[in-house]
Structures are given as C-alpha cells and as structure tokens.
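As structure tokens, the structure follows; a few thoughts come after it.
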Protein chains: 2
Amino acid sequence: MCGCSYAQNNDEVFYQTSTINALLDEVYDGNITVKELKGYGDLGLGTYNNLDGEMIGLDGLFYQVKADGIAYAVDDSIKTPFAVVTFFESDKTIVLEKSVNYKQLEQYLDNVLPTRNIFYAFKIEGTFKYIKTRSVPWQDKPYPPLVEIVKDQPIFEFHDVNGTIVGSWFPGYMKGINVPGYHFHFITEDKKGGGHLLECQTGGVKIGIDYTSNSYLALPEDDEFYKAELSKENQDELKKVEK
Amino acid sequence: MCGCSYAQNNDEVFYQTSTINALLDEVYDGNITVKELKGYGDLGLGTYNNLDGEMIGLDGLFYQVKADGIAYAVDDSIKTPFAVVTFFESDKTIVLEKSVNYKQLEQYLDNVLPTRNIFYAFKIEGTFKYIKTRSVPWQDKPYPPLVEIVKDQPIFEFHDVNGTIVGSWFPGYMKGINVPGYHFHFITEDKKGGGHLLECQTGGVKIGIDYTSNSYLALPEDDEFYKAELSKENQDELKKVEK
C-alpha cells in the first residue's frame with residue numbers, strides 16, 4: 001500500500017529544494033541529486049553545487065550551462081543547492097507569431113495568466129531572432145556573495161536560433177522562497193548552449209503554460225542552511241542577481 | 001505501484017491549505033475537508049469555513065472552539081479555508097517545571113530551536129495556572145476583514161487547568177504564507193474548551209518539538225482565492241489579528 005497523500009497530482013506540484021534567499025546567502029551546496037530531482041519533475045531550473053552553471057531541465061533531461069556557455073548533459077549524481085521542477089503538462093498553449101522582446105513577452109504573459117496568486121511553469125519553444133544569456137562560474141570556498149559573482153558573469157548571445165525557454169512565475173508572497181515574477185532559462189534545440197535568460201527577441205514560438213497550485217518546499221538539513229541569514233529583505237539584491 | 005515521491009517522510013512535512021494572507025483578505029471558505037486534512041497530519045491548527053471558530057488538531061482528532069468558547073469534536077465533512085497540519089513526532093522533548101508566561105515561553109523556546117530557518121510543530125501538555133484564549137465568530141457574506149472581526153473577539157479564561165498547547169513556528173521568510181514566529185492554540189484535557197492562545201502561565205508542562213524541514217502548500221483553485229490581494233505587506237495587520 002502506498003502511504004502517500006501527495007501522490008494524486010504530482011504534475012500539479014512545483015518541487016523546490018532550498019530557497020532563493022539561501023542562494024543569496026552563499027548556500028551553494030546541496031544534497032539533492034539530479035536523480036532525485038527527476039522523481040519530482042521533468043522540467044525546471046536552478047543551479048548546481050559550487051554554483052557551477054545554470055540548470056535547465058527539459059523533457060526529463062537535465063543540462064548544465066557552464067561559464068564557457070556550453071550546455072552539458074549532466075550525470076544523475078550531480079547535486080544542486082537550489083532548483084525548482086515540475087512534471088510539465090500545459091494547461092494553456094498559445095502560438096505567438098509576433099516578435100517580442102523579454103519585456104514584451106512578460107507583458108504578454110501578464111495578460112494571459114488567470115491569477116497572480118498561484119504558480120506557473122513555462123515551456124516556450126520555437127525560433128528566436130535573438131537570445132542573450134548569462135551563466136555563473138564554479139566557486140571555491142569561502143564563497144563570495146551571488147551579487148558579487150554576477151558582476152563578472154559571462155554573457156552569451158545567439159542569433160536566429162531554435163530552442164526552448166524554460167521558466168517559472170511565482171507570486172510576490174513567495175519572495176524569500178523563490179524568484180517573484182518570471183524566471184527564465186534557455187537552451188538551444190541542439191542542446192549545445194543556453195543559460196539564464198537576460199534578453200530575447202522571439203521569432204515564432206509556441207508557449208505552454210502549466211498552472212500549478214501546489215508547492216513542495218524541501219529545506220536542506222545541514223549546518224550551512226541552518227546558519228544562513230534567510231529572513232532579511234533583499235529584493236534589491238535579488239533584482240541585481242536575476243536580471 | 002505508488003507513483004508518489006513525497007511518501008517517504010510524511011511526518012516531516014507541514015501540509016498547509018491556502019495562505020495566511022488569503023485569510024487576511026477575507027478568503028474564509030475552502031474546499032478541504034477535515035477528512036482530507038487527517039491524511040496529511042494528526043496535529044495542527046487553523047480555522048473553519050465562515051471563520052467559524054479555532055481549529056485544534058491533536059492526536060488525530062480535530063476540534064472546533066466556537067465563539068461560545070466550547071470545543072466541539074468536528075465531523076469529517078467540515079471544511080477549512082486555512083489550516084496547517086503534520087504527523088507529530090517529537091524530535092526534542094523537554095520537561096519545564098518552572099512557571100512561565102507566554103512571552104517567557106517564547107523566549108525559552110527561542111533558546112532551544114536549533115535554527116531559525118526551518119519549521120517547527122509544538123505539543124505542550126500539562127498543567128497551566130492560567131490560560132487566556134479567544135475565538136472568532138461565524139461570518140456571513142459579504143465578509144468583513146479579519147482585523148475588524150478580532151476587535152470584538154470573545155475572550156475566555158481558564159485557571160488551574162490541564163490541557164495542551166498545539167503550535168507552529170515559521171521563519172520570517174514564510175510571512176505571507178503562514179504566521180511568522182509562534183502560533184499557538186489551546187485545548188483543555190477534557191476537550192471541552194480552548195481557543196487561540198493569547199496569554200498563559202504554565203504549571204509543569206512537557207514540551208514536544210517536531211523539527212520539520214518540508215512544507216507542502218496546497219492553494220485553493222477557486223475564484224475567491226484567485227481574486228484575493230495576496231502579495232501586499234501586512235505584518236502590522238497580522239500582529240493585530242494573531243496577538
């Protein structure tokens with residue numbers, strides 16, 4: 001017999017390990033492997049231990065865009081200090097032929113989301129006239145703050161490229177836990193490049209949106225997480241890091 | 001086969017329906033029954049639809065302290081707009097012979113909790129020299145704000161009574177989702193009275209603390225929740241409501 005009450009709607013749950021505030025407070029090492037993550041979702045985003053690049057999970061496969069801009073397929077044993085995943089099932093699908101930039105894409109989606117009180121996962125696939133991403137480089141201890149690291153973040157540009165934006169949207173009341181608003185990572189169709197999305201100009205894309213009403217937050221049980229400063233206000237810091 | 005990944009540690013999960021901000025924004029009706037809640041925990045606190053009293057879940061039984069100050073055993077079919085429950089398993093047990101008031105109890109517990117970054121459930125049972133509680137009365141639509149309702153909240157006092165305080169502690173970064181800090185409900189040993197704890201003076205009590213590193217947040221999927229204003233700052237309002 002299965003003793004689990006959370007089984008029914010695994011595809012309606014965002015599983016998250018650790019919190020964005022922990023990442024902002026230099027908790028760059030976690031104990032959750034990609035193998036475990038795959039049990040909670042086939043699509044998602046985050047980073048890897050030692051802050052070693054951007055995580056993109058797509059169609060059940062997980063990639064790591066390192067500081068060289070190259071996307072590597074990851075081994076199941078690699079660990080993450082911060083990630084959010086879900087079993088993606090689109091509740092709404094839109095074909096967007098019109099070319100929009102990042103800000104316009106956000107505005108377009110703002111008008112589509114049925115409420116600002118639940119969570120959303122995105123899968124935006126197709127052609128992009130322009131993509132600008134960043135990654136973050138491997139860090140050694142003692143870890144510097146994320147806000148310092150991103151000052152020198154390597155930037156990558158793509159022109160007329162096919163690929164997929166994987167993303168999340170969280171309400172303002174989830175700040176401290178995840179990134180409020182949109183958070184996008186990108187990977188090329190050939191799975192060779194990508195990163196944390198900074199700018200884009202879409203060609204024709206298909207937008208899939210997964211309305212998600214459940215969140216499972218799994219906190220690390222270790223000293224680094226226990227000792228972090230997690231309840232301070234840091235939305236200004238977060239904006240510097242995520243945009 | 002059980003397709004669930006969340007099964008392993010049900011006792012290490014705080015299951016929560018809706019958010020404290022939704023309750024502050026007059027979302028007083030939910031769709032989760034006590035029967036469903038029992039699948040997620042045997043100890044917890046919250047309220048009932050129409051804001052009809054204070055919920056106390058203890059040892060798998062759920063009670064409703066209505067505005068008359070009487071604790072009623074509830075039917076499984078009764079619904080809740082906001083509740084948090086866990087399968088209680090004490091990670092730390094302390095016998096506190098010294099008599100302390102509410103503020104001193106909080107200070108005492110502050111020194112015991114291993115970190116301020118995870119969640120805690122409490123079961124504090126024994127003798128109390130003094131207990132002061134409140135409840136909230138049934139509301140009809142259009143619902144007034146909680147902050148207005150508590151201005152006339154009925155108050156109950158108990159002297160030299162045996163009973164149990166059921167409680168939770170959430171970190172500051174969970175504000176908007178649950179009550180940051182301590183949140184206690186009380187029920188007498190004879191299960192005839194109780195309410196939301198406002199003041200106390202302990203006699204000898206046994207304190208059980210359940211360290212909880214996982215949170216499952218289930219958001220309502222209805223218009224009232226979708227339309228609520230959930231991301232505003234309201235910690236002043238919350239203090240008026242919860243203390």
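Check whether at least one residue in the range A:141-150 is under 24 Å from A:Phe62 (Cα atoms), in contact with a strand residue (DSSP E or B) (Cβ under 6 Å, 6 or more places away or on another chain) and either open to solvent by less than 10 Å² (accessible area, probe 1.4 Å) or away from every other protein chain (no Cβ under 14 Å) (or both), and report yes or no.
no
Which number in (1) exposed (fewer than 14 other Cβ atoms within 10 Å of the Cβ); (2) at the interface with another protein chain (Cβ under 10 Å from one of its Cβ atoms); (3) at positive phi marks the one condition that A:Gly176 misses?
For A:Gly176, the failing item is (1).
Yes/no matrix, rows are residues, columns are (1) more than 13 Å from A:Gly167 (Cα to Cα); (2) charged (D, E, K, R):
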residue: A:Ser77; (1), (2): yes, no
residue: A:Val85; (1), (2): no, no
residue: A:Lys103; (1), (2): yes, yes
residue: A:Tyr108; (1), (2): yes, no
residue: A:Pro114; (1), (2): yes, no
residue: A:Phe119; (1), (2): no, no
residue: A:Lys123; (1), (2): no, yes
residue: A:Phe128; (1), (2): yes, no
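Picking from A:Thr115, A:Thr188, A:Thr133, which residue would you name as being of a type in the set (Val, Ile, Thr), surrounded by fewer than 22 Cβ atoms within 10 Å (Cβ to Cβ) and touching a residue at least 24 places away in the same chain (Cβ under 8 Å)?
Exactly one of A:Thr115, A:Thr188, A:Thr133 is of a type in the set (Val, Ile, Thr), surrounded by fewer than 22 Cβ atoms within 10 Å (Cβ to Cβ) and touching a residue at least 24 places away in the same chain (Cβ under 8 Å), namely A:Thr188.
Which residue pairs have Cβ atoms closer than 8 Å, lie 6 or more positions apart in sequence or on different chains, and pair a first residue in the range B:16-42 that is over 17 Å from B:Ile177 (Cβ atoms) and of a type outside the set (Asp, Glu) with a second residue that is open to solvent by less than 10 Å² (accessible area, probe 1.4 Å) and part of a helix (DSSP H, G or I)?
B:Tyr28/B:Leu51
For every residue, the table says whether it meets (1) open to solvent by 10 Å² or more (accessible area, probe 1.4 Å); (2) farther than 21 Å from A:Gly30 by Cα; (3) at the interface with chain B (Cβ under 9 Å from one of its Cβ atoms); (4) of a type in the set (A, V, I, L, M, F, W, C).
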site: A:Pro171; (1), (2), (3), (4): no, yes, yes, no
site: A:Pro180; (1), (2), (3), (4): yes, yes, yes, no
site: A:Gln201; (1), (2), (3), (4): yes, yes, no, no
site: A:Leu217; (1), (2), (3), (4): no, no, yes, yes
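In the range B:11-34, which residues are open to solvent by 20 Å² or more (accessible area, probe 1.4 Å) and either in a strand (DSSP E or B) or more than 22 Å from B:Lys141 (Cβ to Cβ) (or both)?
Taking the range B:11-34 first, the residues open to solvent by 20 Å² or more (accessible area, probe 1.4 Å) are B:11-12, B:25-26, B:29, B:31-33.
Listed by number, the residues that qualify are B:Asp11, B:Glu12, B:Ile32, B:Thr33.
Just a yes or no: is a residue in the range B:74-96 acidic (Asp, Glu) and closer than 23 Å to B:Phe170 by Cβ?
Looking through the range B:74-96, at least one residue is acidic (Asp, Glu) and closer than 23 Å to B:Phe170 by Cβ.
How about the range B:35-59: which of its residues are surrounded by fewer than 23 Cβ atoms within 10 Å (Cβ to Cβ) and within 14 Å of chain A (Cβ to nearest Cβ)?
B:Lys35, B:Glu36, B:Lys38, B:Gly39, B:Asp42
Restricting the search to the range A:170-184, which residues are at pLDDT 95 or above and within 20 Å of B:Glu233 (Cβ to Cβ)?
The answer is A:Phe170, A:Pro171, A:Gly172, A:Tyr173, A:Met174, A:Ile177, A:Asn178, A:Val179, A:Pro180, A:Gly181.
Are any of the residues in the range A:109-127 part of a strand (DSSP E or B) and of a type in the set (Val, Ile, Thr)?
Within the range A:109-127, one or more residues are part of a strand (DSSP E or B) and of a type in the set (Val, Ile, Thr).
If you scan the range A:219-243, which residues turn out to be out of contact with any helix residue (DSSP H, G or I) (no Cβ under 6 Å at 6 or more places or on another chain) and more than 14 Å from chain B (Cβ to nearest Cβ)?
Across the range A:219-243, the qualifying residues are A:Asp236, A:Lys239, A:Glu242, A:Lys243.
Could you pull out every one of the strands (runs of 3 or more DSSP E) wholly within the range B:139-243 that has 3 or more residues that are among the aromatic types (Phe, Trp, Tyr)?
B:155-170, B:181-188
Taking the criterion of being more than 30 Å from B:Tyr226 (Cβ to Cβ) and either in a strand (DSSP E or B) or of a type outside the set (Lys, Arg) (or both), would at least one residue in the range B:74-83 satisfy it?
To start, the set of residues in the range B:74-83 that are more than 30 Å from B:Tyr226 (Cβ to Cβ) comprises none.
No, there is no match, as no residue in the range B:74-83 is more than 30 Å from B:Tyr226 (Cβ to Cβ) and either in a strand (DSSP E or B) or of a type outside the set (Lys, Arg) (or both).
The values are calculated or read from the model by the stated rules, or taken from the named source; none is laboratory data. What you see is a predicted model, and the numbers here were worked out from it, not measured in a lab. As a convention, Cβ positions derive from the backbone with ideal geometry for all residues, glycine included, and neighbour counts pool all protein chains shown. Note: accessible area is taken over every heavy atom of the protein model, side chains too, but ligands, DNA and RNA are not part of it. Shrake-Rupley method; radii C 1.70, N 1.55, O 1.52, S 1.80 Å.
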